[in-house]
Amino acid sequence: KITGGEPFLRPDIFELLAYVKSNNLGLIVETNATLIKEKEAKALKEANVSQVAVSLDGPDEETHRALRGIKDSFTEAIEGIGYLKKQGLNVQVIISLWRKNRDYIKSTIDLSRGLGANSVKINIIQNISRADKLSEEREVLSVKEVIDFYKHLMSQLEKEPPFKVIFDMPPVFYPLI
């Protein structure tokens, strides 16, 4: 797996992808997709990347930017997903769950499905590393809030056509569901 920071900021990313291809290695790439254009998507396809995971933290610019903090990152991520799908790549949208986007997760899942994503993975922001500040500002959900949200979301999704949604919950939470 190649992940970030942002892999496409690496000046040697195309060399890495060529190495993966020449050695017939499996690869998953995690990206914010803001730097993915036709050239990058073709290189991923040629390297036989099995999945490209794209961070998308809301269904619109404002919600997405609340966490990412970068102007136009939503629009660029959407465009990047388009280039990836045009190459027929398996795209998984990754959503970081926190207080400011909790009410928009379902619409982000709907948007992802509409963009042709193959799946969505919801990651819980935990108060470690960069998330310490979010925790101090009470933006990280409590265990109870995560469990309640999970139950509500799963009951909504049960009523819809099948679409793969992975809720990356710590195993210690399962007995509480």
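The values are calculated or read from the model by the stated rules, or taken from the named source; none is laboratory data. Computed from a prediction, not measured in an experiment: that's the story for all the values here. As a convention, Cβ positions derive from the backbone with ideal geometry for all residues, glycine included, and neighbour counts pool all protein chains shown. What goes into the accessible areas is simple: the full protein's heavy atoms, side chains included, and nothing from ligands, DNA or RNA. Shrake-Rupley method; radii C 1.70, N 1.55, O 1.52, S 1.80 Å.
Of note:
- For the chain, leaving out every one of the GluC sites (Glu not before Pro) that falls in a DSSP loop and has at most 14 other Cβ atoms within 10 Å, the longest unbroken run is 1-136.
- Pairs from Lys85/Lys121; Lys37/Lys100; Lys39/Lys86; Lys45/Lys85; Lys37/Lys106 whose Cα-Cα separation, in the structure shown, is over 21 Å: Lys37/Lys100; Lys37/Lys106
- Accessible surface of Phe14 - all protein chains present, 1.4 Å probe, nearest 10 Å²: 70 Å²
- For Leu97, the residues whose modelled amide H falls within less than 5 Å of its own, excluding neighbours fewer than 5 places apart on the same chain, are Asn123, Ile124, Ile125.
- Of all the options Val54, Val143, Val20, the one that moves most in a Gaussian network model of the chain with Cα springs shorter than 10 angstrom is Val143.
- Counting only protein heavy atoms and using a 1.4 Å probe, the accessible area of Leu17 comes to about 10 Å².
- By the compact-protein rule of thumb, 2.2 N^0.38 Å, the alpha-carbon radius of gyration of the chain corresponds to a ratio of 1.06.
- Screening the chain for whole DSSP H helices with an alpha carbon extent of at least 20 angstrom along the helix axis and a mean Kyte-Doolittle hydropathy of at least 1.0 yields nothing.
- Note: the stretch 1-65, Cα convex hull, 84 Å³ per residue.
- Rounded accessible area of Tyr19 (nearest 10 Å², 1.4 Å probe): 130 Å²
- For the stretch 49-105, the alpha-carbon radius of gyration amounts to 1.14 times the rule-of-thumb value 2.2 N^0.38 Å expected for a compact globular protein.
- Structure remark: mean-square fluctuation, Gaussian network model of the chain, C-alpha springs under 10 Å; the largest value among Ile122, Ile109, Ile28 belongs to Ile28.
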